[in-house]
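Input: a single structure, listed below in structure tokens.
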There are 2 protein chains.
Amino acid sequence: MNCVLFKQRPDQTVFKAGLCAEMSSMTAPLYDPMKHAELLASYCLDAGAGQRIQVTATTLALPLVEALHRALLIRGARPVLRLEYPGQQGDFYRHASAELLDSLHTGDLADMEYTDATLRILTPQDAVQGSDPERRARHTRTLSPVAQLRSQRRWCVTLSPTEAGARAAGMTLAEYQDFVARAMFLDLPDPTAGWAAVRERQATLIERLSRADMVQIVGPETDLTLRVGGRVWANSDGKRNMPSGEVFTGPIETSAEGHIYYGLPTSVGGQAVSGIRLEFRAGRVVSASAEVGQDVLLASLETDAGARFLGELGIGTNYGIQTPSRNILFDEKIGGTVHLALGRSYPETGGLNLSALHWDMICDLRGGGTLSLDGEVFQAGGVFVG
Amino acid sequence: MNCVLFKQRPDQTVFKAGLCAEMSSMTAPLYDPMKHAELLASYCLDAGAGQRIQVTATTLALPLVEALHRALLIRGARPVLRLEYPGQQGDFYRHASAELLDSLHTGDLADMEYTDATLRILTPQDAVQGSDPERRARHTRTLSPVAQLRSQRRWCVTLSPTEAGARAAGMTLAEYQDFVARAMFLDLPDPTAGWAAVRERQATLIERLSRADMVQIVGPETDLTLRVGGRVWANSDGKRNMPSGEVFTGPIETSAEGHIYYGLPTSVGGQAVSGIRLEFRAGRVVSASAEVGQDVLLASLETDAGARFLGELGIGTNYGIQTPSRNILFDEKIGGTVHLALGRSYPETGGLNLSALHWDMICDLRGGGTLSLDGEVFQAGGVFVG
């Protein structure tokens, strides 16, 4: 099956055909914070009267945060804005006492208990050097009960385009804003119609995946098998991730056998890690290395017992995102890639892994690789064939 | 008694004597956010290990907020930053549903319950037009339990200089930053030494005030009597207000008789109100008018039962602040002025008034007026003589 979503959107084809080169450089920017805010408040969060909705962002996302605050108020919700200054996390990890890193305050847990839904707005910043990965992993472990509570409520993660994000993607800010807008369907008159089409196509993929038990991923320096029989495949249609375009499940925790190479760069807590190689035995990481950021990788594996086990197998379906932008929210959706996350499972998949960590790592099969279901090729060279 | 604090600070005299006119225009700005943050974390908040300290500010105060976050972390405290975007309050009052205005969420109360100390950083903004005073008063009433809890913990209010603040004060930003720095003693090598001197001199004033019962204020369009016998006078030495320089008490709630004209402009919730005239009978406001913002005044008086009674009588002692800057934190400290607040008392003064409102209004006695204690003149024309 081929699932080239964007090429099949007739309105966009017509729109693009109408452009000549000169007009292209004169068109208004596709990214509109108000349209983004409206999509988040209505489609993603389904914000209703009286709901206490926590929005976390750095001040780099102010235009979006302001528009969202108004959109949530107008819907009768109770927005709770949690703005951070850029670099606040870095300051925290540099200066926090051991007590702060290791002990959770009742007040921080209570804050999440009284929250109906959360939205985290990513604002890509330049990688922070010198932040201690061990201190970060300790604190992630401390915050585990908050993460646990958050995962039991409605939640969504999105991104507000920043200068640093554009740099990481190798684009100008204007190009990056357009890229972000297209990935979220903000260039369509009704973005929710685009997401409805995604949901429909992914349902077809899930029909086949749900009948499978053994998954084998073969690619460059990669030969890994996993079992997924009895687990539930989720249809990620832009409600929890904006943008989205993936189907995912929680593999059986003790099933992973073999080795995998993650070709796309990733990051954890703002620190770049790339060229990751993992080896699994009975589901557990028994060997790990990274070309960049190996200390971060090794510290993360020590977060807790669940950090060495997989919590997610995801398959990207968004062929509208073609190039990696060094941001996991977008990169893991690239059509033709698969991602495997170390750490916490999503309970709705039937996954049982508990961890404070959830770290997605991406394996690109587009250059030549296969994903097989019970011995039958489902995807080859990044294209669905099953 | 004359309490001209600044003229008596020898280090400043020496410093100033060393300056010639050319050097003066070349000197570095007096306002340093890091020095301000250090004073707040150590002297004002006395932040200690593990204390959960909530800092509220708009993003206009970012340099101060960042420095403070680091200073609090270094002292082992748990900073909880509550950043707002400029105009967030205005958006809230414009768009919030009736349910939001009228009902307090348990989560917002819990947040304050788990807080050891609060710091509010004022960031003067241009007055917001069109915000409905009645909606604001309703919400202030709703937040009353939070305000009540906050007042029972350690708290401090300070100000970060902004462009709008400078405009309101009729200064350039650079002049305003210097004005703010001087009022907080940030121009001294050790600001806490300056505040120790304030405390000492104010103790002498309190010695006399504590023996008084009947206070009479006579000035332009003003003749008001109050009783304070048995109440406690507080020595405001910069711990709760930075800057400070005032002594205050809670007058006996039913004692105010007469009328008063507040010559200095004031504001409530960012809305300018000036030329206020109040008439009191048995402690209660029976007649009220304002030359500007009368609707705001009348709506505030309806906040709750306590809003028509006085909660504070304060006497400014800071002769380093000579000119009003249209900001209550500074204006009420002006040496030679008295202020009377409608609404909530400070419990430590023995004041009993309960209200969601606490609105300071300033009466300038420097142009010719007296404050007498049991018939004996204590202050005349703005100078302490008692």
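Any read-out appearing in this document is the output of simple, stated calculations on the displayed coordinates, not a laboratory observation. Predicted model, so just to flag it, every value in this text is computed and none were measured. FYI the Cβ positions are ideal-geometry reconstructions off the backbone, even for glycines, and counts take in every protein chain you see.
Note that region A:205-210 has calculated 3J(HN,Hα) couplings of 4, 5, 4, 6, 4, 5 Hz, one per residue in order, obtained from phi through the Karplus relation 6.51 cos²θ - 1.76 cosθ + 1.60 (θ = phi - 60°); glycine and proline are x. Only DSSP H runs of four or more residues enter the estimate; each adds -39500 (n - 2.57), and after division by the residues of chain A the mean residue ellipticity at 222 nm equals -9000 deg cm²/dmol. At an R0 of 60 angstrom, the distance between the Cβ atoms of A:THR323 and B:THR192 translates into a FRET efficiency of 0.60. For region B:143-160, 3J(HN,Hα) computed residue by residue from phi via the Karplus equation (6.51, -1.76, 1.60; θ = phi - 60°) reads 7, 3, x, 5, 4, 4, 4, 4, 5, 8, 9, 5, 8, 8, 10, 9, 9, 10 Hz, glycine and proline entered as x. When the inverse distances between all different Cα atoms of region B:33-191 are averaged and flipped, the Kirkwood radius reads 17.0 angstrom.
Given R₀ = 41 Å, FRET efficiency for A:GLU200-A:ALA174 by Cβ-Cβ distance, to 0.05? E(calc), rounded to 0.05, equals 0.80.
For region B:282-309 versus region B:93-112, the inter-centroid distance based on Cα atoms is 24 Å. Measuring between their Cα centroids, region B:156-171 and region B:335-371 lie 22 Å from each other. Each of A:LEU149, A:ALA341, A:ALA169 was scored by the projection of its Cα onto the charge dipole of chain A, and the greatest displacement toward the positive side belongs to A:LEU149; charges sit on the C-beta of Lys, Arg, Asp and Glu.
Charge dipole (Cα centre; +1 on Lys/Arg Cβ, -1 on Asp/Glu Cβ; no other charges) of chain A amounts to roughly 580 debye. A Cβ-based charge dipole, computed about the Cα centre of region A:274-386 with Lys and Arg at +1 and Asp and Glu at -1, lands at about 60 debye. The same position B:LEU352 in the other copies lies at 6.5 nm from this copy, comparing label points 7 Å beyond Cα toward the beta-carbon, shortest first. Largest first, the extents of the alpha carbon coordinates of chain A on the three principal axes equal 54, 53, 38 Å. Treating each Cα of region B:34-79 as one equal point scatterer and applying the Debye formula with no solvent, the log10 of I(q)/I(0) at q = 0.21, 0.22, 0.23 Å⁻¹ comes out as -0.60, -0.66, -0.71. For A:GLY230, the point set 7 Å out from Cα toward Cβ sits 7.6 nm from its twins in the other copies, listed from shortest up.
Computed over region A:200-384, the P(r) curve from all C-alpha pair distances, binned at 10 Å from the origin, holds 10, 42, 40, 8, 0 percent per bin.
For A:LEU298, the distances from its label point to the matching points in the remaining copies are 7.4 nm, ordered from shortest, with each point set 7 Å beyond Cα toward Cβ.
Roughly what percent of Cα-Cα pairs across the protein assembly as shown reach past 52 Å? Roughly 25 percent, rounded to a whole number.
Short to long, the 10 Å bins of the Cα pair-distance histogram for region B:306-347 hold 31, 44, 23, 1 percent of all pairs. Working note: Cα gyration tensor of region B:188-261, eigenvalues times five, square-rooted, sorted largest first, giving semi-axes of 28, 14, 10 Å.
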